[in-house]
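*Asks:* Shown below is the structure under consideration.
The values are calculated or read from the model by the stated rules, or taken from the named source; none is laboratory data. Since we're looking at a predicted model, the values are computed, not measured. Cβ sites come from the backbone with ideal geometry, for glycine too, and all protein chains shown count toward neighbours. Each accessible area value is taken on the protein alone, full model and side chains, heavy atoms only, with ligands, DNA and RNA left out. Shrake-Rupley method; radii C 1.70, N 1.55, O 1.52, S 1.80 Å.
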Amino acid sequence: DVIQQHSDEQCPMRYLGCKFLPRGCCERIYAKDVEQHEVHRCPYRDVPCRVGCGKVMMYRSRVEHEMEKCPDRMIQCKQGCPLDLMAKEMRAHMKSDCVKRLVRCRVGCGELLPYDELDAHEQNVCIQPCQWEGCGKRIGPEDTRECHEMFLCERRIVKCPLGCGVVGLCAEHRSAHVAYQCPKRPVPCRFGCGKTIEFAQVSAHEASDGGDCPERLVHCPNDVVGRRLKVQTGPGVYEFATVKAYRKQPPPGWVVKAITDGSDDHQEELEAHGNGYFKLIYAKSVKWERLKDLSYVFIDRAGWTCGWISASALYDHVTKDCVLRSRLCVLGCGQSITLKGTAHHESAMCPKRMHDCRRGCGEVMAYEELESHENGSCVERVIGCDGCGEEIRSVDMEHHVKQKCPMAPVRCLYGCGESMHRGRLDNHMAHYCPKRTVECTKCGLNDLWAEELSLHTDMECPKRIVECPLCGENMEASYLPPHMSDICTKRIVECECGEAMKYELLADHKILDCAGFLRFCPLGCGMKVRKVDMKKHQFEECTKRNNQHQKLIHCPLGCGKEIAFHEQFSHLTTACPKRIMECPIGCGMIVPARSMDEHKLVCDRRIAPCGANCPSCARQLKSWVIPMVEIDRAGLATKLNNIDATIRKLELQAASVRSDIQIMPKVEEFRLQQDLARINNIIAGHAGERGAVLDEQRQLDQYVIQEGAKALKLQLVQCEEHTSTALIRAAASNELVLVEHLLELIRCSGGDQNDVESAINTESREGHTALTR
């Protein structure tokens with residue numbers, strides 16, 4: 001019973017119903033959670049509105065109330081304005097405050113529109129400015145504005161009352177236009193003929209060519225002949241023409257434009273109205289035309305002979321007074337010429353005038369016969385050379401062919417035996433003759449024939465690259481004899497014992513194999529014995545032979561190795577790293593055996609290439625580092641050789657010109673003398689340069705005498721072909737010992753840090769330095 005009572009009344013885990021069961025909550029919960037459920041979780045519990053209206057409702061209905069029914073909720077205006085208002089204030093807002101409410105236009109057009117568009121509508125739609133530019137008035141509504149624009153505005157566009165068709169005429173300017181600007185306004189003729197004509201017709205009425213005013217000013221048609229015109233042949237198209245002749249009627253067979261202006265056939269009327277025809281020469285055609293039918297201007301407007309003439313007096317002027325009127329030539333050539341030009345025509349232009357032969361033979365004849373005489377029968381005529389085509393007097397033709405004609409056959413002056421045209425001789429002797437003198441580009445020898453150059457460079461040039469037949473090294477040919485006799489490690493030498501062998505084996509031979517070489521007994525008895533007898537001496541004759549050869553001793557040179565006493569000699573002569581050895585390359589240096597490999601890298605007689613590793617630039621290491629003054633002296637010597645070679649070539653040219661002066665005709669002597677003077681001036685200039693180079697050499701010698709050791713500061717040499725140095729090659733090959741050796745030579749010879757940096761930063765032709773390689 002107690003347990004049952006506990007289960008029904010006291011157990012916190014018993015199930016109980018929610019107090020909001022009448023509202024619909026059917027959930028059963030533990031007794032311990034009842035209070036928590038009824039206060040915080042039950043959807044049927046009472047809660048207040050969170051918006052602030054003060055109403056209490058079930059929790060499940062609160063969201064719907066706050067979103068749709070609460071009078072204090074914020075909603076957006078239904079008429080489209082951007083404001084958010086409380087629901088209870090929306091009606092008053094839409095009626096009187098909303099900027100999107102509909103109102104009627106106050107100007108009077110009657111249109112309904114949103115309140116925020118009312119001002120823009122009234123200012124820009126109902127009340128608008130007058131359409132005419134410059135009026136500036138704003139008028140509304142539309143019917144009032146249209147009445148103003150059509151009948152009252154002073155800036156409205158109107159038509160000219162005279163009918164000129166002007167466009168854009170304002171009403172306020174109409175009176176001034178009719179009085180001063182209209183092309184149809186009546187004006188009197190300026191020349192006083194008494195007619196009143198429209199202003200637009202004044203130019204046509206008073207025009208010099210084709211006008212109808214009898215008092216207008218015109219040019220005499222004879223004065224127009226010879227002038228140039230710029231004629232408009234189309235829209236924007238102009239052609240230039242020259243007036244060559246004037247006629248009252250065009251010549252028979254010429255097609256001209258028909259006269260449609262009512263002119264009659266009387267010559268006086270033709271003259272007075274400008275209806276005569278002029279011969280115009282265009283670029284591609286010739287025409288007879290009236291100037292009145294053309295649109296043109298005179299290019300040359302000055303220098304009129306007859307001046308301006310009244311149209312009514314033109315006929316009398318042309319027929320009686322004009323100095324430019326024409327008549328036939330009195331000499332009978334048939335040409336019509338002006339009175340003004342008669343004297344000039346008869347003296348200088350007429351083909352019937354008498355004239356002396358221009359070639360100087362003395363005959364006198366008509367000018368029209370002069371050309372045939374000079375080209376056919378004149379003894380002083382000029383004929384063309386069959387070879388070169390040059391025009392020469394017939395009496396000088398033989399001398400021209402023998403001495404001057406560039407197409408005449410001649411033989412080479414250098415004696416190669418080739419025959420050619422004289423015009424090709426200089427080019428042949430300068431560039432192609434096998435007997436011409438050329439210079440070897442390697443050794444500088446400049447007295448070689450061109451046909452000998454190939455043999456020289458292959459077999460004789462001391463600067464050619466050859467291979468040592470013994471060791472296979474590449475070097476200049478001038479280095480080969482001393483290399484084979486004194487330097488090459490493969491050369492054959494004879495030992496004192498009489499045996500012949502390679503030099504590189506001689507030292508080991510003397511120590512190990514030479515039968516005649518006497519050595520001290522290694523057991524310490526003090527006797528010298530030949531190698532072949534050494535073993536017998538140690539075991540049978542040596543006073544210290546009692547097992548001393550089995551004793552271990554330390555190397556006396558201090559290499560730290562323990563050796564058998566009887567092997568002491570062999571160790572000291574062949575194996576000890578501290579033994580003294582002679583350089584096998586032949587420099588004469590004596591160094592410890594352990595330092596021999598390092599010495600070979602920096603040996604003065606080592607053959608080292610340039611930075612480009614080119615065999616032709618390879619030379620002994622001591623040749624890569626020489627005194628700076630020697631570099632300057634070598635540069636001056638090269639410059640002096642080049643100047644001497646140039647002077648020799650110029651002297652050959654001068655000698656050739658002197659020989660031409662002796663054989664060429666007098667007419668060519670002046671030109672040849674000028675050429676000779678020019679060549680002599682160039683030779684004098686080069687002679688001055690040569691003197692300057694000699695002065696520099698003398699100054700360099702004095703500097704060496706004065707400065708002594710300071711002048712012998714060492715500097716790296718650059719090869720001529722690649723402008724590279726041995727330092728660049730050593731850096732590229734990672735031979736750090738050689739790099740340090742070359743830089744130390746520069747420092748020890750008196751060079752400072754700038755000289756060292758200059759050697760490191762020296763660039764080859766490809767732009768490489770010791771740092772970039």
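*Asks:* Taking VAL243, is it without any contact (Cβ under 8 Å) to a residue 60 or more places away in the chain and closer than 30 Å to ILE337 by Cα? Step through it out loud before you land on a result.
*Replies:* Values: without any contact (Cβ under 8 Å) to a residue 60 or more places away in the chain: yes; closer than 30 Å to ILE337 by Cα: yes.
Criteria met by VAL243.
Matching residues to (1) open to solvent by less than 60 Å² (accessible area, probe 1.4 Å); (2) closer than 26 Å to MET475 by Cα:
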{"residue": "HIS373", "(1), (2)": "yes, no"}
{"residue": "VAL379", "(1), (2)": "no, no"}
{"residue": "HIS400", "(1), (2)": "yes, no"}
{"residue": "PRO406", "(1), (2)": "yes, no"}
{"residue": "ARG422", "(1), (2)": "yes, no"}
{"residue": "ASP426", "(1), (2)": "no, no"}
{"residue": "CYS443", "(1), (2)": "yes, yes"}
{"residue": "THR457", "(1), (2)": "yes, yes"}
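*Asks:* Restricting region 455-505 to residues that are of a type in the set (Gly, Ala, Ser) and under 55 Å from the mean Cα position of the chain (by Cα), which is farthest from PRO615 (Cα to Cα)? Talk me through it step by step, then tell me what you get.
*Replies:* Step one: filter region 455-505 for residues of a type in the set (Gly, Ala, Ser), giving 472, 477-478, 485, 498, 500.
Narrowing the set further to residues that are under 55 Å from the mean Cα position of the chain (by Cα) leaves 472, 477-478.
Details: GLY472: 12, ALA477: 12, SER478: 15 Å.
It comes out as SER478.
The rows are residues; the columns are (1) surrounded by 12 or more Cβ atoms within 10 Å (Cβ to Cβ); (2) at pLDDT below 85; (3) under 54 Å from the mean Cα position of the chain (by Cα).
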site: GLY262; (1), (2), (3): no, yes, no
site: GLU268; (1), (2), (3): yes, yes, no
site: GLU271; (1), (2), (3): yes, yes, no
site: TYR277; (1), (2), (3): yes, no, no
site: TYR282; (1), (2), (3): yes, no, yes
site: LYS287; (1), (2), (3): yes, no, yes
site: LYS292; (1), (2), (3): yes, yes, no
site: TYR296; (1), (2), (3): yes, no, yes
site: ILE299; (1), (2), (3): yes, no, yes
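*Asks:* Continuing with this model, one more query. Looking only at residues in region 728-737 that are assigned to a helix (DSSP H, G or I) and within 12 Å of PRO609 (Cβ to Cβ), which one is most open to solvent (accessible area, probe 1.4 Å)?
*Replies:* Step one: filter region 728-737 for residues assigned to a helix (DSSP H, G or I), giving 728-732, 736-737.
Still in the list and also within 12 Å of PRO609 (Cβ to Cβ): 728-730, 732.
Details: ILE728: 3, ARG729: 61, ALA730: 2, ALA732: 40 Å².
Here the answer is ARG729.
*Asks:* Pick from region 488-544 the residues that are touching a residue at least 60 places away in the same chain (Cβ under 8 Å) and more than 28 Å from GLU467 (Cβ to Cβ): which of them is least open to solvent (accessible area, probe 1.4 Å)?
*Replies:* By that ranking, first place goes to ILE511.
*Asks:* Let me ask something additional. For region 579-609, give me each residue that is open to solvent by 80 Å² or more (accessible area, probe 1.4 Å), in contact (Cβ under 8 Å) with a residue 60 or more places away in the chain and more than 17 Å from ALA731 (Cα to Cα).
*Replies:* Hit for region 579-609 is GLU582, nothing else.
*Asks:* Among the residues of region 33-51, are any under 30 Å from LYS95 (Cα atoms), surrounded by fewer than 13 Cβ atoms within 10 Å (Cβ to Cβ) and over 60 Å from the mean Cα position of the chain (by Cα)?
*Replies:* Checked against the condition, which is being under 30 Å from LYS95 (Cα atoms), surrounded by fewer than 13 Cβ atoms within 10 Å (Cβ to Cβ) and over 60 Å from the mean Cα position of the chain (by Cα), region 33-51 yields at least one hit.
*Asks:* Still on this model: Looking at region 207-216, can you tell me whether even one residue there is at pLDDT below 90 and not in a loop (DSSP other than H, G, I, E, B)?
*Replies:* No, region 207-216 contains no residue that is at pLDDT below 90 and not in a loop (DSSP other than H, G, I, E, B).
*Asks:* Residue under question is ILE746, and the condition is that it be of a type in the set (Val, Ile, Thr), surrounded by 19 or more Cβ atoms within 10 Å (Cβ to Cβ) and farther than 18 Å from PRO627 by Cβ; does it hold?
*Replies:* So ILE746 fails the test.
*Asks:* Name the residues in region 1-25 that are surrounded by 10 or more Cβ atoms within 10 Å (Cβ to Cβ) and assigned to a loop (DSSP other than H, G, I, E, B), would you?
*Replies:* Within region 1-25, CYS11, ARG14, CYS18, LYS19, PHE20, GLY24, CYS25 meet the criteria.
*Asks:* When only residues in region 129-160 that are β-branched (Val, Ile, Thr) and within 30 Å of LYS184 (Cα to Cα) count, which is most open to solvent (accessible area, probe 1.4 Å)?
*Replies:* ILE157
*Asks:* Continuing with the same structure: Step by step: first the residues of region 428-441, then only those that are under 18 Å from LEU652 (Cα atoms) and open to solvent by 70 Å² or more (accessible area, probe 1.4 Å), then the one that is nearest to the chain's Cα centre (by Cα). Which residue is that?
*Replies:* For region 428-441, the residue satisfying everything is HIS431.
*Asks:* Here are the criteria: (1) in contact with a Pro (Cβ under 9 Å, 6 or more places away or on another chain); (2) of a type outside the set (D, E, K, R); (3) outside any loop (DSSP other than H, G, I, E, B). Tell me which single one GLY54 does not satisfy.
*Replies:* (3)
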